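Student: Following this message is one structure expressed as structure tokens.
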Amino acid sequence: MRKEQMQEFTARVTQGNRTQLVVTIYDIILVSLQDSREAWNAENMEEWRHSLERAQALVMELVGALDFQYGIANELLPLYLFVNRRILHALARRRMELLDGVDQVIRNLRNAFEEVAKTDRSAPVMANTQKVYAGLTYGRTSDLSEMYQDTSNRGFKA
């Protein structure tokens, strides 16, 4: 995962509501699966293993977050367990083809949750976080300049 992606995901996590967080987790899983493919093709087995372990940890985070008082949780659990099992088998057998179809399952779930997120108007899960503003502003000479706030340094400056 590239540094820019990590910063984007960090901003999305700090600004997102519950549904947006699930979409973000799906996106990170998809990036991790793509990273594992790239590492496999480059024959970098350490990075391949690390990427798959990150994806597996996130899938298990989704399993742990299921609320079984809602019926959808009973439908999501088998899908999450299927993905987890496929990742575990790929890791144990060191075979990339065992992951075929896993990213499609995650992508379908992600797209469904993205539609739900469009209607979710709840507040962000994390309170008291730094707001991220980016855009264009006018300078003294009527030039447009791009503004970006770096959220990587959240501490106080002495």
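A short reminder: the numbers here are calculations on the coordinates, not readings from a lab. Every value quoted in this text rests on a predicted model; they were computed, and no experiment measured them. Here the Cβ is made from the backbone with ideal geometry for all residues, glycine too, and neighbour counts use every protein chain on show.
Student: Tell me, what is the percent relative contact order of segment 1-135, built from C-alpha pairs under 8 Å that lie six or more residues apart?
Tutor: Contact order relative to length: 36 percent.
Student: Give a residue-ordered list of calculated ³J(HN,Hα) values for segment 112-123 (Karplus: 6.51 cos²θ - 1.76 cosθ + 1.60, θ = phi - 60°; whole Hz; x for Gly, Pro).
Tutor: Result, rounded to whole Hz: 5, 5, 5, 5, 5, 4, 5, 9, 7, 10, 6, 6.
Student: Tell me the relative contact order for segment 6-59 as a rounded percent, counting alpha carbon contacts under 8 Å between residues six or more apart.
Tutor: Reported as a whole number, the value is 30 percent.
Student: While we're here: If R0 is 35 Å, what FRET efficiency do you get for Lys118 and Lys3 from their C-beta distance, rounded to 0.05?
Tutor: 0.75
Student: Each label point is 7 Å from the Cα along the Cα-to-Cβ direction; what then is the distance between the points at Leu81 and Leu66, in nm?
Tutor: 0.7
Student: When the Karplus curve 6.51 cos²θ - 1.76 cosθ + 1.60 is applied with θ = phi - 60°, which whole-Hz ³J(HN,Hα) does each residue of segment 4-13 get, with x for Gly and Pro?
Tutor: Each residue's phi maps through the Karplus curve to give 5, 5, 4, 5, 5, 5, 4, 5, 5, 5 Hz.
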